[in-house]
Each structure stands twice: as structure tokens, then as C-alpha cells.
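> Can you keep this structure in mind? I'll have questions shortly.
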Ligand SMILES: Cc1cc2nc3c(=O)[nH]c(=O)nc-3n(C[C@H](O)[C@H](O)[C@H](O)COP(=O)(O)OP(=O)(O)OC[C@H]3O[C@@H](n4cnc5c(N)ncnc54)[C@H](O)[C@@H]3O)c2cc1C
């Protein structure tokens, strides 16, 4: 593990002692698999839960991982991050919504973010998930090449309009926008959409970024194809590299339906592909956002930056971590002059629960991310105690 990011004084300088203690206990609790299981069940059914429990979730998990219910509520956090040289990527996280009204609402939230980013240089990207803007079943059917009914055709047109309204608004406002990657059974449709938008809009700058999940073993070829297409059609590609968030779901579905899983068999292979992709993108001047909490991958990217004599603050490459996680990476990168941002989820508490549930699950292994967070929080609490 790299020692480049061990300065906990820098890592946690935006946090009060009370906030550190709260984070420490939260990560400890998430480290108990049984508690996470119960918590997950409770979170999943939280809509029916008494007000008291909702309040507990709001003042713990929600406060740790979300910026607020609205963009306005996030402004204090955005200003605080900016104060320490960290950009924000506000991310409206209402998930599992199914009505056309909710899809419109999600689109308006992204448009609001774009408007805000036009004036506020502290926002480096707008971001959205296609499934927040339209029914997932429609995307599945489209990817399968199934025929759409008349009403589905209408829904498709509405979804297409929402996606393009976001793209054109972002480009007009000169704000970069990223599209999150989702499950492989809808991702081809998303890729095609983003690819054609890049062709249309990324003529002078990479305004639109697609996401590549390097846990998929077809991704290295996909990246090569993206570059070839960009060269042939003269557009500038923008890529967010991530490892991928849906591994268990992907493997489960592949096993159930009897096809080969698209995910590498081992973590080592995913790591190798992710690190190779950093090199590939940098060697080919692909504008890059590295969405990762992996210290070795970040350290490798810093080596590439130095080797290629790229300015630390260059827009060619930026780093991003999720709000509430890996502050040691974010704040140390910012202090060293690199371009780095926090994904800052916002939205009504009840609608953010699936997002919170994923974070709690991701942090349940004390030998993984949660262990590292705990080690650093403990170190900083001890440092502050000894300097009191
Ligand atoms: C800013 C940001 C934006 C993100 N956006 C997206 C997005 O749009 N779409 C998306 O899907 N995810 C997204 N993620 C989540 C991301 O894909 C990872 O799930 C998460 O960041 C953990 O990976 P890591 O690189 O941080 O670190 P690590 O802890 O080093 O890696 C964990 C990851 O490795 C992979 N992995 C673990 N075990 C195995 C195994 N046995 N075999 C193969 N692979 C394995 C999985 O992808 C797992 O999530 C985003 C993350 C960040 C920080």
C-alpha cells in the first residue's frame, strides 16, 4: 500500500473531532456482517419504519455519505471541499423510481446541477444514471433487440429526449457531464447513446464522458474500439475508469441464466486491467477521470503523470472518490496540487437508501476498505489527542 496518502492531519482537516468519532463508530459498526445484514433489511424497509429510526439513519449513514436532500443543502459542503482544493460532482441519487414524473424530476435535478456548475467553478462535472431517467425494462428490451409496443416506443422517445436535453444543456453551458455505467444487460444501450453524443458534441473538447468498468473482461477491447472510433470520426473521447460496482449481481445472473460471466475471475485480473487502462488512456491522450479508492492505482497514475510530464492540475486527468470515503486520498491529492473531486450524492433520504445500502455493504469487510478507513481515523484521533 502506498505511503503517499498517509498524512491524516491533511486527510481529515475538514472534520471536527465529533465528526471523526462518528465516522469511526459508523465504520466499526459496518464491519460487523450481522449488523450490516440487519441494517440492510431495515434500510430496505425504511419507508415503513418509525420516524425515530429514520432520524437515526439520517444522522449516521446519510450524514456520512450524502451532502443533503437538495442541491442547496449541499452548498455548505461544496464550499468546504472547495476551501481545501477539492471539486464536487453533485450526484442526484433517487433510485428505484418508476413514474414519468420521477424521471422528469431526476432530469431537472441534473439540469439544476449544470446551471449551478456554470457559475460555480467548484463543480467539475455533472453526472447521471440513465436508469434514473427511464424504466430499466425498456433498456433491457432494447438491448435484447425486442420489439417495443406503442406505449413503450413513447416512453423510449421521452427517455431519449431527457438524455439529449441533459447533453445539450451541459455543452451549451460548457459543463462536463459523465454518464455512470450500470449492469451489462443494459450497458450496450447506454454506451451507444454516449458514443453518439460524444460524436455530436465532443468536437473541440471532451464535454461528455462515458464510464468503463474494468472488471469486465471485454473492456480493454472496448477501450481500443472507442479510441479507433474517435480517431475515425474525429471526436475527443472522455472516459471515467472504474472497477465496477455490480460484480455479485453480474455473476449471479450469469450463473442463473447459464452464460459466462462478463467479470474477470479474480480481483488481481481486474486490478491488472484497471491499471493497464490508465496507461492506455494516458498514452493516447484520452481525457480521464479515475473513480477509485485504490491507493496503488492512484499511485500508479501519479507515476504516469510524472513520466509524461503532465501538469498536476491538468484537466487531462482527474481523480474522484465518493463523499464519506477515502478522504486520505482526496485531501492528500488536493494538497499535492492534483485535480480531485468528491462524488457528492444528494436527494431525499428515503430515495437514497439503496445507495446507502450499497455503501454499507461495500464497507462490511474489515480487511478491506472499512479496515483502512478505521486505521486512518484511529490514527488521526490519537494524533489530535496527543496534541491537545
Ligand atoms: C467517483 C466514483 C465513481 C464511480 N462510478 C461508478 C459507475 O459509474 N459505475 C460503477 O459500476 N461503479 C462506479 N463506481 C464504483 C466502483 O466501480 C467500485 O465499485 C468501487 O470504487 C471500488 O473499487 P475501487 O477501485 O475503489 O477499489 P478496490 O477496493 O481495489 O476494488 C474493489 C473492486 O474490485 C472488483 N473486484 C473485487 N473482487 C473481485 C473479484 N473476485 N474478481 C473480479 N473483480 C473483483 C470489483 O469491481 C470491486 O468493486 C464509482 C466509484 C467512484 C469512487
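> Could you list, in sequence order, the residues of the stretch 269-289 that are assigned to a strand (DSSP E or B) and more than 8 Å from the ligand (Cβ to nearest atom)?
Answer for the stretch 269-289, where residues must be assigned to a strand (DSSP E or B) and more than 8 Å from the ligand (Cβ to nearest atom): 287, 288.
> While we're here: Scan the stretch 243-268 and report the pairs whose first residue is over 13 Å from residue 218 (Cβ atoms) and touching a residue at least 40 places away in the same chain (Cβ under 8 Å) and whose second residue is within 6 Å of the ligand (Cβ to nearest atom) and not in a loop (DSSP other than H, G, I, E, B), with Cβ atoms within less than 6 Å and a gap of 6+ or a chain change.
Note: pairs meeting the criteria are 243/270.
> Pick from 305, 317: which is surrounded by fewer than 21 Cβ atoms within 10 Å (Cβ to Cβ), over 13 Å from residue 87 (Cα atoms) and either free of Cβ contacts under 8 Å to residues at least 40 places away in the same chain or within 12 Å of the ligand (Cβ to nearest atom) (or both)?
One residue alone meets the criteria, 305.
> When you scan the stretch 109-165, how many residues do you find that are more than 24 Å from residue 348 (Cβ to Cβ) and in contact with a strand residue (DSSP E or B) (Cβ under 8 Å, 6 or more places away or on another chain)?
Residues that pass the stated criteria total 1.
> A follow-up question, please. Applying the selection to the stretch 293-318, what residues are more than 20 Å from residue 363 (Cβ to Cβ) and not in a loop (DSSP other than H, G, I, E, B)?
299, 300, 301, 302, 303, 304, 305, 306, 307, 317, 318
> Mind listing whichever residues of the stretch 194-220 are in a helix (DSSP H, G or I) and closer than 21 Å to residue 129 by Cβ?
The answer is 194, 195, 196, 197, 198, 200, 201, 219.
> Right, next: Applying the selection to the stretch 329-363, what residues are farther than 23 Å from residue 128 by Cα and more than 13 Å from the ligand (Cβ to nearest atom)?
331, 332, 334, 335, 336, 337, 338
> Now a separate question. Of all residues in the stretch 243-256, how many are under 23 Å from residue 359 (Cα atoms) and away from the ligand (no atom under 13 Å from the Cβ)?
The qualifying residues number 2.
> Give me a count of the residues in the stretch 72-101 that are under 24 Å from residue 209 (Cα atoms) and modelled with pLDDT of 95 or more.
Count: 12.
> Filter the stretch 213-229 down to residues that are within 14 Å of the ligand (Cβ to nearest atom) and surrounded by 21 or more Cβ atoms within 10 Å (Cβ to Cβ) and give me whichever is nearest to residue 254 (Cα to Cα).
Step by step, filter the stretch 213-229, then rank; the result is 216.
> Let me ask something additional. Give just the number: which of (1) part of a loop (DSSP other than H, G, I, E, B); (2) more than 10 Å from the ligand (Cβ to nearest atom); (3) within 19 Å of the chain's Cα centre (by Cα) does residue 259 not satisfy?
Of everything listed in (1) part of a loop (DSSP other than H, G, I, E, B); (2) more than 10 Å from the ligand (Cβ to nearest atom); (3) within 19 Å of the chain's Cα centre (by Cα), residue 259 misses just condition (3).
> State the number of residues belonging to the stretch 230-242 that are within 14 Å of the ligand (Cβ to nearest atom) and either surrounded by fewer than 16 Cβ atoms within 10 Å (Cβ to Cβ) or in contact (Cβ under 8 Å) with a residue 60 or more places away in the chain (or both).
Result for the stretch 230-242: 3.
> Condition first: more than 13 Å from the ligand (Cβ to nearest atom) and at pLDDT below 95. Can you find one or more residues in the stretch 198-207 that meet it?
Scanning the stretch 198-207 turns up at least one residue that is more than 13 Å from the ligand (Cβ to nearest atom) and at pLDDT below 95.
> Identify all residues within the stretch 14-50 that are at pLDDT 85 or above, part of a helix (DSSP H, G or I) and more than 17 Å from residue 372 (Cβ to Cβ); write none if there are none.
Passing the criteria: 17, 18, 19, 21, 22.
> List the number of the failed condition for residue 189; all other conditions in (1) closer than 26 Å to residue 300 by Cβ; (2) away from the ligand (no atom under 14 Å from the Cβ) hold.
(1)
> Same structure, new question: Within the stretch 163-175, identify whether any single residue is assigned to a loop (DSSP other than H, G, I, E, B), more than 14 Å from the ligand (Cβ to nearest atom), on the phi < 0 side of the Ramachandran plot and at pLDDT 95 or above, and answer yes or no.
Yes, the conditions are met somewhere in the stretch 163-175.
> Continuing with this model, one more query. Has the stretch 372-385 got any residue that is within 11 Å of the ligand (Cβ to nearest atom) and either over 24 Å from residue 209 (Cβ atoms) or free of Cβ contacts under 8 Å to residues at least 12 places away in the same chain (or both)?
yes
> If you check every pair at least six apart or on different chains, which have Cβ atoms under 6 Å apart with a residue in the stretch 332-359 that is at pLDDT below 95 first and a residue that is within 11 Å of the ligand (Cβ to nearest atom) second?
Filtered contacts from the stretch 332-359: 355/345.
> Pairs please, first residue from the stretch 80-98 and surrounded by fewer than 17 Cβ atoms within 10 Å (Cβ to Cβ), second anywhere and in a loop (DSSP other than H, G, I, E, B), Cβ atoms under 8 Å, 6+ apart in sequence or on different chains.
Filtered contacts from the stretch 80-98: 80/14; 82/122; 83/14; 84/13; 84/14; 98/135.
The values are calculated or read from the model by the stated rules, or taken from the named source; none is laboratory data. Note that the structure is a prediction, hence the values are computed from the model and not measured. Heads up, the Cβs are rebuilt from the backbone with ideal geometry, glycines too, and the neighbour counts pull from every protein chain shown.
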